[in-house]
Structure formats: C-alpha cells, structure tokens
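*Asks:* This is the structure I want to talk about, given as structure tokens.
The values are calculated or read from the model by the stated rules, or taken from the named source; none is laboratory data. This structure is a prediction, so every number in the text was calculated from the model and none was measured. When we count neighbours, we look across all protein chains shown, and the Cβ atoms used for this are built from the backbone with ideal geometry, even at glycine.
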Amino acid sequence: MKPKQDVQQGTLSLMVLKTLDVLGPLHGYGVARRIEQISGDLLSVNQGTLYPVLLKLEQEGAITSEWGPSENNRRARFYRLTAAGRKLLGAEKRTWEQTAAIIARFLTVKAEDLA
C-alpha cells in the first residue's frame, strides 16, 4: 500500500469547494474524510491545514457555516457552499484544467516536437 501524500499547496480550496458542491453541507472532519475518500485514500488532509482554508473560504463568502449536531450527537460546525462559492469553484476549476494541460504538454514533449 502506498503512503498517503499531503495535499499540494493551492489545491485544498478547490477540493473543499468541490466536495461541498457534490455532497452538500459537511462538518470539517467530514470534509477531510471525504476528500481522502474521493482521492482513493491517496491523500491525507491535515486538520491544521484544513481549518485555516475553511476560515479563509468563509471570510471570502465562498462558504457559510452553522452549528448543528454531528452523527454522534456532538456539536459541530457544518459548512455549506454559497452562490459566490459556486462561481469561485468554476473559476478555480478552469485555472487547474489549464495548468494541468500545460504540465501535460511538458511531460509529453519530445525534441522533434521543437524542431
């Protein structure tokens, strides 16, 4: 079994937004576990990294939160995507798709392609 990788810098916001878009409101621990699950358990989400991202996204208006009971009846903060968050998700998705396409070109280039 491969060791889990940490989430690369700059990608966690996109993963949080997409997770909330697909699954609806989740508490922070749930967001972390779902990101790990979606990655096929190849990523590890550090709580010390996740909560500052959630706070930043909330301050930007991309997500909102409210307190409620978790599955085990503990008080937890549940995060929900906003309309502004959906717009941000679309913009971040396009940026990452462009970046991935550029990197893919570099990984497949051969000397004869440059002649």
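*Asks:* Identify all residues within region 73-115 that are in contact with a His (Cβ under 8 Å, 6 or more places away or on another chain) and aromatic (Phe, Trp, Tyr); write none if there are none. It would help to see each step written out before you state the result.
*Replies:* In the first step, residues of region 73-115 are kept if they are in contact with a His (Cβ under 8 Å, 6 or more places away or on another chain); the result is 76-79.
Those that are in contact with a His (Cβ under 8 Å, 6 or more places away or on another chain) and aromatic (Phe, Trp, Tyr): Phe78, Tyr79.
*Asks:* Follow-up. State whether the residues of region 10-24 include one that is over 22 Å from Ala100 (Cβ atoms) and surrounded by fewer than 19 Cβ atoms within 10 Å (Cβ to Cβ).
*Replies:* Here is the first cut: in region 10-24, the residues over 22 Å from Ala100 (Cβ atoms) are 23-24.
Add one more test, that the residue is surrounded by fewer than 19 Cβ atoms within 10 Å (Cβ to Cβ), and what stays is 23-24.
Yes, there is a match, as at least one residue in region 10-24 is over 22 Å from Ala100 (Cβ atoms) and surrounded by fewer than 19 Cβ atoms within 10 Å (Cβ to Cβ).
*Asks:* Here are the criteria: (1) farther than 18 Å from Ser13 by Cβ; (2) hydrophobic (A, V, I, L, M, F, W, C); (3) surrounded by 12 or more Cβ atoms within 10 Å (Cβ to Cβ). Tell me which single one Val31 does not satisfy.
*Replies:* The number of the failed condition is (1).
*Asks:* Here is a check on your reading of the model: is Arg80 out of contact with any strand residue (DSSP E or B) (no Cβ under 8 Å at 6 or more places or on another chain) and either at pLDDT below 95 or of a type in the set (Lys, Arg) (or both)? Outline the logic, then answer.
*Replies:* On the way: out of contact with any strand residue (DSSP E or B) (no Cβ under 8 Å at 6 or more places or on another chain): no; either at pLDDT below 95 or of a type in the set (Lys, Arg) (or both): yes.
No, not satisfied.
*Asks:* Hey, can you tell me all the residues within region 52-96 that are free of Cβ contacts under 8 Å to residues at least 60 places away in the same chain, basic (Lys, Arg) and touching a Gly at 6+ places or on another chain (Cβ under 8 Å)?
*Replies:* Arg75, Arg77 - these are the residues of region 52-96 that are free of Cβ contacts under 8 Å to residues at least 60 places away in the same chain, basic (Lys, Arg) and touching a Gly at 6+ places or on another chain (Cβ under 8 Å).
*Asks:* Any chance you could count how many residues in region 1-39 are over 19 Å from Gln59 (Cβ atoms), among the hydrophobic types (A, V, I, L, M, F, W, C) and in contact (Cβ under 8 Å) with a residue 40 or more places away in the chain?
*Replies:* Adding up the residues that qualify gives 1.
*Asks:* Out of all the residues in region 62-86, which are surrounded by 13 or more Cβ atoms within 10 Å (Cβ to Cβ) and farther than 17 Å from Val31 by Cα?
*Replies:* Filtering region 62-86 for residues surrounded by 13 or more Cβ atoms within 10 Å (Cβ to Cβ) gives 62-65, 70, 76-82, 84-86.
Matches in region 62-86: Ala84 only.
*Asks:* Can you pull out every residue in region 104-115 that is surrounded by fewer than 10 Cβ atoms within 10 Å (Cβ to Cβ) and among the hydrophobic types (A, V, I, L, M, F, W, C)?
*Replies:* Within region 104-115, Phe106, Leu107, Ala111, Leu114, Ala115 qualify.
*Asks:* Which one of Arg74, Arg105, Arg34 is of a type in the set (D, E, K, R) and modelled with pLDDT of 95 or more?
*Replies:* Arg34
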